[in-house]
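Here's the structure we're looking at; comments come further down.
The values are calculated or read from the model by the stated rules, or taken from the named source; none is laboratory data. Being a predicted model, the structure only gives us computed values, none of them experimental. Ideal geometry is used to build each Cβ from the backbone, glycine not excepted, and the neighbour counts take in all protein chains shown.
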């Protein structure tokens, strides 16, 4: 009986030892299976088709071109590889304007004919209509649809996930926003983080350190939504006044809040690293007549540089993944930022803001999961680097 | 070598040190000041809002009146739910890491996975929770899905503290127990677990403090904008304090009237986090004292 329980316990323990690995595999699996669907989605909104005049030879349109055509920013077919003729945009609503209800039929049964009539009549027309109405017609030119290309998503510079007829999922602005705001956050946090960790590990009397430590821990324990709220209520109006901005929600507001949130990570990890510097090295330096400050920056910091780097990198990871605070203070404009005072939008904030409105299984939903995958891999790479560095350190000593 | 006998140089390096240390001290105090400004701001603005009705009533008049009782209850349920999941799984997993796992590459791999899990952004947990618990397992937007998602978030912290707590127990305790004829399972259950418990509990409380403030993982798995009634089962949605704060602070029609409620909600949230940290600190200190007297 005793032996049997022992064996059972061993099995249970072993299985649960792999629980975190299993969770990570599940996360990868589910995120990927949702995200991969994006590249099987048609460019034009599902169930719709673009119809052109027979004489129009344009056969392939990118999502961006379609958007420009329908926004009437492209007004000539020349610009998308066609003949030199003006573009006329035709939407389903136009049908109701041009024809009476009787002409279209109660069940819209004549709508297909009427659309074809319009398309035949105008050489430069582009009609965005439901596929069922015009399916199988040979008197008009239906643009063959293709799936969303990987390149347009990963290198695309515009994010218009709800544009019709074809949403645009260029992720560069979001990636740029994330990196931009994190970069400035670290720029702010780094001097503070280094100064405080050196002060706590090397300079401060033990009593002060004992007070500072819980303060830093508490700073790390404040929920991100509270930071966001504080940023919204205090930092945003302050920035708006100081820099005379039209709106205070900006990359800088996000960076300040992120810097506060990344600080505890940076400080704790670097402080630990410096405390681990052997006493003998410090004493040797002091015995040579170096001051404590000289000892710190010539001996202690170089010795613990990999630990300090780990702390900074983990801080960057925290800043990149932070959602709520950034969502609340950065203004959420999905454009490539040119200045830190511009509003911008990060990957996590985009997911949080848009997933609620994206219909499950649609292209937008899948695009948000793809953003999740990208975010997941950015943080996975960051963490793995830190792990490798610390593992190497252990073997070195 | 002549340098160290140069009094001017010595004076210069001393002065530099004083200046640098002074600057560092200033920056450190500045950080502490920032914490007190944030806390002070929320406490001062929030405490006037909080009273008995605020704590015990549901929101009224489209979030511009009433209290936050359903959000408090929701947060409590979520903390409880995630603890029920993360505590047993995390403790068992931590014990495996410390007591059973063969050393070397395998343990390094598992530890790396655990650390990676801890580093995954909370919004990714939210996405996963939505795809797995809500959609695939068909729990719907529910307390169950939200608790499990939050539990995953708390898991690495519980695992790590458990593993460290067990590792720090001197081998002589294990050997003593085994020498008396106890099996490994008995040793863990009767000797090691009671010794490690205070630290494990500390880790759990800290992780729950974190869970209570998380918003992103429950956005799409559980949180409701407004519910007049308290949830009746684990398959119901619930309100939660952090999500409520987000909603009240960023959306709605009457920002003027909502601001006091936001301050009040932030205050309650901060108090929960502070109390959790305080309790964890007390347990840790109590435990350390006991350890020192041994």
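Determine whether residue A:326 is surrounded by fewer than 22 Cβ atoms within 10 Å (Cβ to Cβ) and on the phi < 0 side of the Ramachandran plot. Against the criterion (surrounded by fewer than 22 Cβ atoms within 10 Å (Cβ to Cβ) and on the phi < 0 side of the Ramachandran plot), residue A:326 does not qualify. Determine, yes or no, whether residue A:127 is within 30 Å of residue A:274 (Cβ to Cβ) and surrounded by 18 or more Cβ atoms within 10 Å (Cβ to Cβ). Considered against the rule, which asks whether it is within 30 Å of residue A:274 (Cβ to Cβ) and surrounded by 18 or more Cβ atoms within 10 Å (Cβ to Cβ), residue A:127 comes out as no. When you check residue B:179 against the structure, is it more than 17 Å from residue B:243 (Cα to Cα) and more than 10 Å from every other protein chain (Cβ to nearest Cβ), yes or no? It is true that residue B:179 is more than 17 Å from residue B:243 (Cα to Cα) and more than 10 Å from every other protein chain (Cβ to nearest Cβ). One residue stands out in the range A:222-253 among those that are over 18 Å from residue B:251 (Cα atoms) and surrounded by fewer than 20 Cβ atoms within 10 Å (Cβ to Cβ): the one that is farthest from the other protein chains (Cβ to nearest Cβ), namely A:244. Of all residues in the range A:12-49, exactly one satisfies the criterion of being in a strand (DSSP E or B) and either out of contact with any helix residue (DSSP H, G or I) (no Cβ under 7 Å at 6 or more places or on another chain) or facing chain B (nearest Cβ under 9 Å) (or both), namely A:42. Take residue B:185 and decide whether it is away from every other protein chain (no Cβ under 14 Å), without any contact (Cβ under 8 Å) to a residue 60 or more places away in the chain, in a helix (DSSP H, G or I) and under 30 Å from residue A:2 (Cα atoms). No; evaluated as a whole, the condition is false for this residue. Inspect the range B:160-170 for any residue being surrounded by 21 or more Cβ atoms within 10 Å (Cβ to Cβ) and either at the interface with chain A (Cβ under 8 Å from one of its Cβ atoms) or out of contact with any helix residue (DSSP H, G or I) (no Cβ under 6 Å at 6 or more places or on another chain) (or both) and give the result as yes or no. No: the range B:160-170 contains no residue that is surrounded by 21 or more Cβ atoms within 10 Å (Cβ to Cβ) and either at the interface with chain A (Cβ under 8 Å from one of its Cβ atoms) or out of contact with any helix residue (DSSP H, G or I) (no Cβ under 6 Å at 6 or more places or on another chain) (or both).
Over 25 Å from the mean Cα position of the chain (by Cα), crowded, with 17+ Cβ neighbours inside 10 Å and more than 30 Å from residue A:234 (Cα to Cα): does that describe residue B:21? So residue B:21 fits the description; yes.
Here residue B:140 fits the description: in contact with a helix residue (DSSP H, G or I) (Cβ under 8 Å, 6 or more places away or on another chain) and at pLDDT below 90. Of all the residues in the range B:90-110, those that are at the interface with chain A (Cβ under 8 Å from one of its Cβ atoms) and more than 18 Å from residue B:204 (Cβ to Cβ) number 6.
Number of residues in the range A:163-197 that are in contact with a strand residue (DSSP E or B) (Cβ under 7 Å, 6 or more places away or on another chain) and over 29 Å from residue A:51 (Cα atoms): the value is 5.
Residue by residue, here is whether (1) in contact (Cβ under 8 Å) with a residue 24 or more places away in the chain; (2) assigned to a loop (DSSP other than H, G, I, E, B); (3) surrounded by fewer than 24 Cβ atoms within 10 Å (Cβ to Cβ) holds:
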{"position": "A:335", "(1), (2), (3)": "yes, yes, yes"}
{"position": "A:340", "(1), (2), (3)": "yes, yes, yes"}
{"position": "A:349", "(1), (2), (3)": "yes, no, no"}
{"position": "A:356", "(1), (2), (3)": "no, yes, yes"}
{"position": "A:360", "(1), (2), (3)": "no, yes, yes"}
{"position": "A:373", "(1), (2), (3)": "yes, no, yes"}
{"position": "A:380", "(1), (2), (3)": "no, no, yes"}
{"position": "A:385", "(1), (2), (3)": "yes, no, yes"}
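Of all the criteria given as (1) touching a residue at least 60 places away in the same chain (Cβ under 8 Å); (2) within 24 Å of residue B:121 (Cα to Cα); (3) within 19 Å of the chain's Cα centre (by Cα), the one not satisfied by residue B:237 is (3).
Taking the criterion of being facing another protein chain (nearest Cβ under 8 Å) and over 25 Å from residue A:325 (Cβ atoms), the residues of the range B:115-145 that qualify are B:132, B:135, B:136.
Checking A:92, A:69 one by one, the residue that is surrounded by fewer than 17 Cβ atoms within 10 Å (Cβ to Cβ) and more than 14 Å from every other protein chain (Cβ to nearest Cβ) is A:92 and no other. Within the range A:274-312, the set of residues being touching a helix residue (DSSP H, G or I) at 6+ places or on another chain (Cβ under 6 Å) and outside any helix (DSSP H, G or I) comprises A:277, A:289, A:291, A:304.
Residues checked against (1) surrounded by fewer than 21 Cβ atoms within 10 Å (Cβ to Cβ); (2) assigned by TED's automatic domain parsing to the domain that holds residue A:328:
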| residue | (1), (2) |
| --- | --- |
| A:167 | no, no |
| A:181 | no, yes |
| A:185 | no, yes |
| A:194 | yes, yes |
| A:197 | no, yes |
| A:200 | no, yes |
| A:203 | yes, yes |
| A:208 | yes, yes |
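Do you know which of the residues in the range A:185-198 that are in contact (Cβ under 8 Å) with a residue 12 or more places away in the chain and within 11 Å of chain B (Cβ to nearest Cβ) is nearest to residue A:261 (Cα to Cα)? Filtering first and then ranking leaves A:189.
Yes/no per residue for (1) away from every other protein chain (no Cβ under 14 Å); (2) buried (at least 21 other Cβ atoms within 10 Å of the Cβ); (3) on the phi > 0 side of the Ramachandran plot:
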{"site": "B:33", "(1), (2), (3)": "no, no, no"}
{"site": "B:43", "(1), (2), (3)": "no, no, no"}
{"site": "B:48", "(1), (2), (3)": "yes, no, no"}
{"site": "B:58", "(1), (2), (3)": "yes, no, no"}
{"site": "B:83", "(1), (2), (3)": "yes, yes, no"}
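Residues checked against (1) loosely packed, with under 15 Cβ neighbours inside 10 Å; (2) closer than 30 Å to residue B:133 by Cβ:
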| site | (1), (2) |
| --- | --- |
| A:13 | no, yes |
| A:21 | no, yes |
| A:36 | yes, yes |
| A:40 | yes, yes |
| A:43 | no, no |
| A:52 | no, no |
| A:57 | yes, no |
| A:61 | no, no |
